[in-house]
Amino acid sequence: MTDSHAWFSRMRFGLFVHFGLYSTLARHEWVMTTERTSPEEYEKNAAYFDPDRFDAADIARSARQAGMRYAVLTTKHHEGFAMFDTALSDYNSMATCGRDFVAEFVQACRAEGLRVGLYHSLIDWHHPDFTIDQHHPLRDRADVAQLNAGRDMARYRAYLHGQVRELLTNYGQIDYLFFDFTYPDPMDGKPGKGPQDWDSAGLLAMVRELQPGIVVNDRLGIPGDLVTPEQYQPDAPMQRDGAEVLWEACQTLNGSWGYDRDNLDFKSPDLLVRMLVDTVSKNGNMLLNIGPDRRGAITPVDRSSLAALGEWMQLHEGSVIGAGAAGIPAPSGTVFTRRADRLYLHLLHWPFGHVHLPDMAGKVGFARFLHDGSQVRCSEIDPEQQAMNTIPGGQPPGTLTLNLPTAQPPVAVPVIELFLTTDGMAGIAEDRTEDIAADGMERATED
Ligand code: GLC
């Protein structure tokens, strides 16, 4: 069981794909509820849904070329429209354009050697039995109580479980399931929805029975295999009840998950690289999102962001894939990751001349840049050395100094690979990634 989860933290970098009927409106995937659109009005869009440029092979290839190792597609978002062939409703892409996007996606991921993930919304603003709550598009109507009287969450639960069963039965091995989301607390006088609304325990049991090796996130409102911080970077490895847990930060390129045509608030490629290495340095994964346009195509900005990440990953993936927290503090302006006896120093700002690494003297056998393999000279500066006009002062005993070229190498974030000696390894806390995977699994099985 543990082994089947270990892949997740080794792979570190995945692609999230938000694509659905909402891509038509191009105003964020929550558009149905932010604009208070009734299901009858909203579903009219389905008749025009014919994404002629959705090319799963292109998406999977782009992910692979960006250095990603897994990908996750939205199968049904909160709007309720299924992107797959479901027997349980005719509100689906097969009915409107004769395509099963999940089938296309799963096949393309496998062809590129990517692990396959599916996102499925617990919420459904289209289903007639889903009760109107704080997030529902009809929440402001005067007759909410009356409308809710005719709705039966037990019937919706059966539908939800049924669609999840289809997804986990009809498409072969699914490696990762991303449920979204649970909100038990009331808001603005309207109820939320908790694990009992989904029968989370029953749903999770069914998922594990259908796909015994699957990794499941924590958004059922009961513990899963990992935690999923969204749109922020945790400042340390994530913990629950004092113990480290597997985690994956999901991040957008511009703050929206679904195609949001007029939102140009894009993160720069350099920032994305820094976010990725920051994540790995805290034992996390990064799931980075793209929102294909209404025709299904990867947008130009999304494509160039993936390409820039790929350019960096092609030379530097050694510091990311299979790597994790280094177990030693990093000097200011740098981030450390480690993979077995290799320590990776990421220089977030290019310093002039030197980087000093406290307590590392005698612990490094060789140092080189990762992008071109060229040696980085190491020295120890005599602690007694007096600072003079052109001579820097001494460094504390045990400090290892790396001597850098003046110009930053032409990569977004330069990385220096340090080969640790046996002494170097002895001083560093053991890599706990696999233990964490095991712990997470045990916790989930107990619940
Ligand atoms: C949130 C949003 C949703 C998005 C998801 C991604 O829960 O409701 O729109 O799909 O996060 O993690």
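Each semi-axis of the equivalent ellipsoid for region 38-173 is √(5λ) with λ an eigenvalue of the Cα gyration tensor; in descending order they amount to 31, 16, 13 Å. Counting only DSSP H runs of at least 4 residues, each contributing -39500 (n - 2.57), and dividing by the residue count of the chain, the helix-based mean residue ellipticity at 222 nm comes to -8500 deg cm²/dmol. Separation of region 72-102 from region 265-290 is 30 Å, based on Cα centroids.
Taking a point 7 Å out from the Cα of Thr390 in the direction of its Cβ, the residues of region 349-377 whose backbone N falls within less than 17 Å of it are 353. Per-residue Cβ neighbour counts within 10 Å put Glu417, Glu43 in the sequence Glu43, Glu417, beginning with the fewest.
Distance between the 7 Å Cα→Cβ label points at Ala243 and Gln65: 4.3 nm. Annotation for region 347-395 versus region 302-331: alpha-carbon center distance of 23 Å.
Here the dipole of region 3-317 is about 400 debye; that uses its Cα centre as origin and unit charges on the Cβ of Lys and Arg (positive) and Asp and Glu (negative). Using the average count of surrounding beta-carbon atoms within 10 Å as a protection proxy, the listed peptides 174-180, 340-346 rank, highest first, as 174-180, 340-346. Stretching Asp50 away from Met206 to a fully extended chain increases their span by 52.8 nm, per 0.36 nm per residue minus the current alpha-carbon distance. Using alpha carbons only, how many angstrom separate the centre of region 6-71 from the centre of region 112-142? That distance is 14 Å. Evaluated over the Cα positions of the chain, the convex hull gives a direction-averaged projected area, one quarter of its surface, of 23.5 nm². Taking 25 Å as the straight-line reach from the Cα of Lys44, the lysines in range (excluding those fewer than 8 positions away in the same chain) are Lys76.
By the count of other C-beta atoms within 10 Å, a proxy for reagent exposure, Tyr119, Tyr22 are ordered fewest to most as Tyr119, Tyr22. Relative to the longest principal axis of the Cα atoms of the chain, the long axis of helix 153-169 lies at roughly 60 degrees. If you plug the beta carbon distance of Ala154 and Ala95 into 1/(1 + (r/R0)^6) with R0 = 25 Å, you get a FRET efficiency near 0.50.
Placing dummy labels 7 Å off each Cα toward the beta-carbon, the span from His349 to Val301 is 2.7 nm. Backbone phi angles across region 124-136, fed through the Karplus curve with coefficients 6.51, -1.76 and 1.60 (θ = phi - 60°), yield HN-Hα couplings of 8, 7, 9, 5, x, 9, 6, 5, 6, 10, 4, 9, 5 Hz in residue order; Gly and Pro are listed as x. Each of Val411, Val164 was scored by other Cβ atoms within 10 Å of its Cβ. Listed from fewest to most, they are Val411, Val164. Taking θ as phi - 60° and the Karplus parameters 6.51, -1.76 and 1.60, the scalar couplings of region 300-307 work out to x, 5, 4, 5, 6, 5, 5, 5 Hz in sequence order, x denoting glycine and proline. If the chain linking Met187 and Gln314 were pulled fully straight, counting 0.36 nm for each residue of separation and taking away their Cα-Cα distance, it would gain 41.1 nm. Extension gain, Ser379 to Glu41, is 114.7 nm, computed as 0.36 nm per intervening residue step minus the present C-alpha separation.
FYI, it's all coordinate maths here, none of it is from the lab. Predicted model only: the values in this text are computed from it and were never measured. Neighbour counts are summed over all protein chains in view; Cβ atoms, including those assigned to glycine, are modelled from backbone coordinates with ideal geometry.
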